Amino acid sequence: MLYLSRRVDFSAMHSYEIPDWSEEKNEQVFGLCSNPSGHGHDYKLEVMVKGELNEKSGIVVNTVDIKQLVGGLVERELDGKFLNRDHAYFQEHIPTTENIVTYLWNSIAPQLENCTLHRLRLHENPYLFAEKGEKNMVTLTRKYHFSAAHRLHSEHLSAEENIELFGKCNNPNGHGHNYYLDVTVQGEPNPVTGMITDLGDLDKTVESVVLKKLDHKHLNLDTEEFKGLNPTSEVVAKVIYEMLDPHLSNLHKIGLWETEKNYFEYFGPGE
Ligand SMILES: [Zn+2]
Ligand SMILES: [Zn+2]
């Protein structure tokens with residue numbers, strides 16, 4: 001099986017507002033997004049399909065066909081529109097990123113020929129994307145940032161072995177990184193709010209449970225969580241998962257960017 005991906009961009013406006021609710025309740029649930037005049041985003045949609053290689057042509061499917069199908073749909077229905085007002089489906093369903101990605105999945109999947117829709121990832125901005133896969137529920141990934149120092153050193157290895165394995169990362173006084181943390185939650189969009197999680201609550205939880213403890217700290221010296229542990233990014237991803245899991249009922253995955261070049265993922269025990 002081969003997988004290929006095509007990106008389609010569009011801009012759209014939306015407002016999160018349930019007409020039956022009072023202004024106060026809308027503001028309480030949707031925050032700034034409840035502004036009835038609307039606001040907008042430059043969305044990036046990644047379409048990944050899978051299929052068997054056609055031995056004659058050397059391709060699975062012509063990416064131009066994907067571009068025409070998805071690009072055409074997006075251009076007709078979403079690009080340059082105020083979704084709540086201009087789109088029949090989003091007059092009835094709040095145009096959250098989760099709802100938009102679900103709508104696009106249901107519209108695109110049945111129309112593909114010679115390939116199957118494998119994954120749709122819709123970026124609302126560089127810090128937030130919703131994703132739908134073949135078997136998955138919808139997921140929502142929020143990106144956070146923290147800076148921290150660490151020293152890679154294992155108590156189970158000799159001084160020489162530590163230097164051999166970790167090189168300059170074994171520097172006794174440590175070194176630091178700009179970490180980017182991707183927190184992914186999963187679920188079905190709530191039929192009323194269109195959300196799988198309250199982003200404000202998620203931000204507060206990540207801030208109080210993780211960022212407050214790790215940001216601008218030396219992981220080996222200043223934190224309880226890494227006492228006696230070697231804070232490699234594998235371990236940092238796993239520890240952050242364990243810190244958040246008791247507070248998030250729908251935690252799916254932790255992604256950790258140690259640098260722009262090094263990325264680590266942890267799905268919890270057993271996965
Ligand atoms: Zn928005
Ligand atoms: Zn490092």
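Any read-out appearing in this document is the output of simple, stated calculations on the displayed coordinates, not a laboratory observation. These numbers were taken from a predicted model, which means no experiment stands behind them. Don't worry about glycine lacking a Cβ; one is built from the backbone with ideal geometry, like all the others, and counts go over all protein chains shown.
Numbers for the structure displayed
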quantity: Charged-residue dipole, Cβ positions (Lys, Arg, Asp, Glu), region 1-105 about Cα centre, Debye nearest 20; calculated: 500
quantity: Listed residues E188, E24, E98, most fluctuating in the chain (Gaussian network, C-alpha, under 10 Å); calculated: E24
quantity: Eligible lysines near K81 by straight Cα distance, threshold 28 Å, same-chain separation 8 or greater; calculated: K25, K44, K67, K132, K143
quantity: Sorted by Cβ neighbour density within 10 Å, fewest at the top, the residues Y266, Y16; calculated: Y266, Y16
quantity: Most mobile of K143, K253, K204 in a GNM of the chain (Cα contacts under 10 Å); calculated: K204
quantity: L2, L128, L69, L83 arranged by Cβ crowding within 10 Å, fewest neighbours leading; calculated: L2, L128, L69, L83
quantity: Low-density loop cleavage sites - GluC sites (Glu not before Pro) in region 101-186, where at most 16 other Cβ are within 10 Å (DSSP); calculated: E113, E134, E155
quantity: Residue order, fewest to most surrounding Cβ atoms within 10 angstrom, among F82, F90; calculated: F82, F90
quantity: Listed residues V70, V209, V185, most fluctuating in the chain (Gaussian network, C-alpha, under 10 Å); calculated: V209
